[in-house]
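Values quoted throughout were computed directly from the atomic coordinates according to the rules given, and no laboratory measurement underlies them. None of these values were measured; they are calculated from a predicted model. No Cβ is skipped: glycine too gets one built from the backbone with ideal geometry, and neighbour counts run over all protein chains shown.
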Amino acid sequence: MSISCFLTAALVFLFGLSTAYAKTSHQALLVEVFSTMDQVVQRDPLAGSEEEHQLLNVHVYELDGIRSFEAQLSSDLPVDPNHARQIALQRIQVLDEQAKAGVQNAAVGLAKAMQYGIDRYPAIVFDSKVVVYGVTDIGEALHRYQQWQEGQKR
């Protein structure tokens, strides 16, 4: 088993891969942003009132987080696979909460992107149904989504 496969298996085991989602508010619009670390997501300013902001449930997934994390874990590992595995496990065991959360976020994001059939990034998904591609500004994507909704009503 290669180090990369081993690290991926260990990450999935340690952090889980939960794709279940419970809405925090009956009326909240679920907004899921799928991007990479080099794509800056514009969260502010969102158009609308403070009340409208509270009706958005925004999740941002940086999909290249696992690849970056694996690169950090495998940095300067010895050639011997057993020794490399031992060092990689030690590095995983001393991870801080922020690093764990980042890897979990990337894993959940990758699973959701596959579930939705997203084939390019950036992508912003509204209520698990409508995708806006090529935009990292949540306000702009929300505007496009609302325009699409208006067109559907006609």
(message) Sort Lys153, Lys100 by Cβ crowding within 10 Å, fewest neighbours at the top.
(response) Lys153, Lys100
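Suppose we look only past 21 Å in the calculated P(r) of the stretch 38-154. What percent of the Cα-Cα pairs does that tail hold? Present the calculation step by step, with values, prior to reporting the outcome.
Numbers: 3543 of 6786 pairs.
Of all Cα-Cα distances in the stretch 38-154, 52 percent exceed 21 Å.
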(message) From the P(r) of the stretch 101-149, could you give the percentage of C-alpha pairs in the tail past 13 Å?
(response) 58
